[in-house]
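Colleague: A single structure is presented below for examination.
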Amino acid sequence: MGNCTAENIQQYENVEFTEGDTYEGEMENGFAEGWGIYTRKNGDKYIGWWHNGFQHGIGREVFADKTEYEGTFLEGKKHGKGKITFPDGSSYEGQFQKDSFSGEGFGKWIDNRKEGSAQIVFENGNIFECQYKNDIKNGEGLFKWPDGCRFQSNWVDGKLQGESKLIENGIMTIGQWLNNKCVKWEQLNN
């Protein structure tokens, strides 16, 4: 058994900071250490593990704007596996590196930028699939609604370009796009 002294016992404390933030949890040598909850004056909250005053290990952040992150932290930054959900219901689940999306998760991410094939799933069931290069839509895109409606498109440097097809209730409409503006829209007869 190790020595049980006042110096190495973690203490549970409630701390209120002058700017209005609060911390409730385990502390050691004046720093958050172990399990704790940090609440900012603006309503942002972190619930999880701490080491040497930094978010470290598994935790959950809930921001005032309703964005939520649940996953791992390293020295105060989102790092490792996690999921972030935005107020509109869209989300990213995958790898993080120092607060940036990185690796695989609804597509490939490099330094917080989408790269290659990506799929974005919205809370209402809508799905958008597209090719990305340096976080900009480039290549074929497909937007799908839960009712079966589909919009196939082509993207060049983040803008709709060329032919698109809207399929709704079995009826196809062909569009022609130039620099993100529809220049022709024609419904085909069955």
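The values are calculated or read from the model by the stated rules, or taken from the named source; none is laboratory data. None of these values were measured; they are calculated from a predicted model. We place every Cβ from the backbone using ideal geometry, glycine too, and count neighbours over all the protein chains shown. Note: areas computed on protein heavy atoms with side chains; ligands, DNA, RNA excluded. Shrake-Rupley method; radii C 1.70, N 1.55, O 1.52, S 1.80 Å.
Colleague: What's the number of the only condition in (1) at pLDDT 85 or above; (2) loosely packed, with under 15 Cβ neighbours inside 10 Å that Asn154 fails to meet?
Modeller: So the condition that Asn154 fails would be (2).
Colleague: Can you name the residue in the range 82-113 that is part of a loop (DSSP other than H, G, I, E, B), open to solvent by 70 Å² or more (accessible area, probe 1.4 Å) and more than 20 Å from Asn126 (Cβ to Cβ) and, of all such residues, is modelled with the lowest pLDDT?
Modeller: Step by step, filter the range 82-113, then rank; the result is Asp111.
Colleague: Do you know which residues across the range 120-148 are polar (S, T, N, Q) and touching a residue at least 24 places away in the same chain (Cβ under 8 Å)?
Modeller: Asn124, Gln131
Colleague: Would you call Glu61 of a type in the set (Asp, Glu) and crowded, with 20+ Cβ neighbours inside 10 Å?
Modeller: So Glu61 fits the description; yes.
Colleague: When you scan the range 117-126, do you find a residue that is open to solvent by less than 70 Å² (accessible area, probe 1.4 Å) and under 18 Å from Cys182 (Cβ atoms), even just one?
Modeller: Within the range 117-126, not a single residue is open to solvent by less than 70 Å² (accessible area, probe 1.4 Å) and under 18 Å from Cys182 (Cβ atoms).
Colleague: Would you confirm whether or not the range 4-23 contains a residue that is at pLDDT 90 or above and touching an Asp or Glu at 6+ places or on another chain (Cβ under 8 Å)? Step through it out loud before you land on a result.
Modeller: Restricting attention to the range 4-23, the residues satisfying the condition of being at pLDDT 90 or above are 20-23.
Of the ones still in play, those that are also touching an Asp or Glu at 6+ places or on another chain (Cβ under 8 Å) are 22-23.
Within the range 4-23 (the criterion being at pLDDT 90 or above and touching an Asp or Glu at 6+ places or on another chain (Cβ under 8 Å)), the answer is yes, since at least one residue qualifies.
Colleague: Ok, one more. Would you say Glu19 is open to solvent by 90 Å² or more (accessible area, probe 1.4 Å), in contact (Cβ under 8 Å) with a residue 12 or more places away in the chain and closer than 30 Å to Val121 by Cα? Outline the logic, then answer.
Modeller: Details: open to solvent by 90 Å² or more (accessible area, probe 1.4 Å): yes; in contact (Cβ under 8 Å) with a residue 12 or more places away in the chain: yes; closer than 30 Å to Val121 by Cα: no.
Criteria not met by Glu19.
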